[in-house]
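S.K.: If you scroll down you'll find the structure; I have some questions about it.
The values are calculated or read from the model by the stated rules, or taken from the named source; none is laboratory data. Model, not experiment: these values are computed from the prediction. Glycine gets a Cβ as well: all are built from the backbone with ideal geometry, and neighbour counts include every protein chain shown.
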Amino acid sequence: MALVAVLALPLFTPRVYASDEIKYFAGLRSAYFDHDLHYENEYAYFIGRDPVAHAGLRPFMEQPTPTGYRLNDAPIGSAIMWAPAYVAADAFVVMARALGSTIPRDGYSWPYVWAVCLASLVWGTSGLFLCYRLCRSYVGRAEATWGVLAVRWSFTSTSRLRCPTRTRCSRSHCSYGCGTSRVRAGRRRGGPRSVLLRR
């Protein structure tokens, strides 16, 4: 599994990008730095950095819920798993600033992003190891190894998908990660289809 992690390093991308990743990240950053679950400032930060790529966040930022909060429909699992690395990154930033560094202690700068992305790599590799151990209960070492590699490749291939309609807008979330298209997965007559959401 260590070899799998090393082979995956060229695919490692230290960034928080597109609506889903930002919503995972917003929960952690808001709880740690703001001590609340108001996500408006996190959404505004990412939209301000790239209004086009993160346009899918606008409805979440601009439309408060009945309680006055901003909706975050992402599960909290990623934030929980990232938390130890995120806290370690904050400790690093505090020490670096004490030594004269100008790294912003804002929860968004590169140490925080690197921390959560490296944590994803560690936890993802750990998950592959558990898959390997499970497979070894049923098949040999070679079959289990190829099975785990196939799973790793399938996730890599899926993550590179782009919106099939190439349609741009600025209102809703894009399930393909580009943040600029109103596309969702659906089914009709037993087969998959892509549906362009209407206004």
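S.K.: For region 29-60, which positions are closer than 12 Å to ASN72 by Cα and aliphatic (A, V, I, L, M)?
M.R.: Passing the criteria: LEU37, LEU57.
S.K.: Can you list residue pairs whose Cβ atoms sit under 6 Å apart, with the first residue in region 69-95 being of a type in the set (Val, Ile, Thr) and the second being part of a helix (DSSP H, G or I) and modelled with pLDDT of 95 or more? Count only pairs 6 or more apart in sequence or on different chains.
M.R.: Note: pairs meeting the criteria are VAL93/PRO111.
Yes/no matrix, rows are residues, columns are (1) outside any loop (DSSP other than H, G, I, E, B); (2) among the hydrophobic types (A, V, I, L, M, F, W, C); (3) closer than 30 Å to ARG141 by Cβ:
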site	(1), (2), (3)
MET81	yes, yes, yes
ALA85	yes, yes, no
VAL94	yes, yes, no
ILE103	no, yes, no
ASP106	no, no, no
PRO111	yes, no, no
SER120	yes, no, yes
THR125	yes, no, yes
LEU128	yes, yes, yes
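S.K.: Still on this structure: Exactly one of these conditions fails for ARG105: (1) basic (Lys, Arg); (2) more than 27 Å from MET81 (Cβ to Cβ); (3) at pLDDT 85 or above. Give me its number.
M.R.: Looking at each condition in turn, ARG105 falls short on (2).
S.K.: On to the next question. Going by the structure shown, is ASP106 surrounded by fewer than 18 Cβ atoms within 10 Å (Cβ to Cβ), in contact (Cβ under 8 Å) with a residue 40 or more places away in the chain and either out of contact with any Gly (no Cβ under 9 Å at 6 or more places or on another chain) or of a type in the set (Phe, Trp, Tyr) (or both)? Steps first, answer last, please.
M.R.: Values: surrounded by fewer than 18 Cβ atoms within 10 Å (Cβ to Cβ): yes; in contact (Cβ under 8 Å) with a residue 40 or more places away in the chain: yes; either out of contact with any Gly (no Cβ under 9 Å at 6 or more places or on another chain) or of a type in the set (Phe, Trp, Tyr) (or both): yes.
The answer is yes for ASP106.
S.K.: If you go through region 125-132 one residue at a time, do you hit one that is of a type in the set (A, V, I, L, M, F, W, C) and touching a Pro at 6+ places or on another chain (Cβ under 6 Å)?
M.R.: Initially, region 125-132 is screened for residues of a type in the set (A, V, I, L, M, F, W, C), giving 128-131.
Now drop any that are not touching a Pro at 6+ places or on another chain (Cβ under 6 Å), which leaves none.
No; the residues of region 125-132 include none that is of a type in the set (A, V, I, L, M, F, W, C) and touching a Pro at 6+ places or on another chain (Cβ under 6 Å).
S.K.: Out of the residues in region 41-69 that are part of a helix (DSSP H, G or I), within 18 Å of the chain's Cα centre (by Cα) and of a type in the set (D, E, K, R), which is surrounded by the fewest Cβ atoms within 10 Å (Cβ to Cβ)?
M.R.: ARG49
S.K.: Using beta carbons and a limit of 7 Å, which pairs, at least six apart or on different chains, have the first residue in region 26-53 and over 12 Å from ASP106 (Cβ atoms) and the second one among the β-branched types (Val, Ile, Thr)?
M.R.: Note: pairs meeting the criteria are GLY27/ILE76; PHE46/ILE22; VAL52/THR180; ALA53/THR180.
S.K.: In region 9-40, what count of residues is obtained for those that are outside any helix (DSSP H, G or I), hydroxyl-bearing (Ser, Thr, Tyr) and within 19 Å of TRP123 (Cβ to Cβ)? If you could, list the steps in order and put the result at the bottom.
M.R.: Taking region 9-40 as the starting set, the residues that turn out to be outside any helix (DSSP H, G or I) are 12-17, 35-39.
Now drop any that are not hydroxyl-bearing (Ser, Thr, Tyr), which leaves 13, 17, 39.
Pick out the ones that are also within 19 Å of TRP123 (Cβ to Cβ) and you get 13, 17.
The total comes to 2.
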